[in-house]
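Contents: one structure, followed by commentary.
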């Protein structure tokens, strides 16, 4: 999973601006798969932050991410 690379390297794509995010959400609602991917990739920093909070819980990191 490519998220592990982001977790170890600490290099994440920049978050979307509010208007950009709104635009991608509309595209996603209309079935645009590329918009879905952009939203996921641009929110990886948040995912990593949440995963780190539970890292010591003993849960498998893949379970936390999926």
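Return yes when residue 35 is part of a helix (DSSP H, G or I) and either surrounded by fewer than 12 Cβ atoms within 10 Å (Cβ to Cβ) or at pLDDT 95 or above (or both) and no when it is not. It is true that residue 35 is part of a helix (DSSP H, G or I) and either surrounded by fewer than 12 Cβ atoms within 10 Å (Cβ to Cβ) or at pLDDT 95 or above (or both). Among the residues of this structure, residue 26 counts as one that is at pLDDT 95 or above and part of a helix (DSSP H, G or I).
The values are calculated or read from the model by the stated rules, or taken from the named source; none is laboratory data. All values derive from a computational prediction rather than experimental measurement. Backbone-built Cβ (ideal geometry, glycine too); neighbour counts: all protein chains shown.
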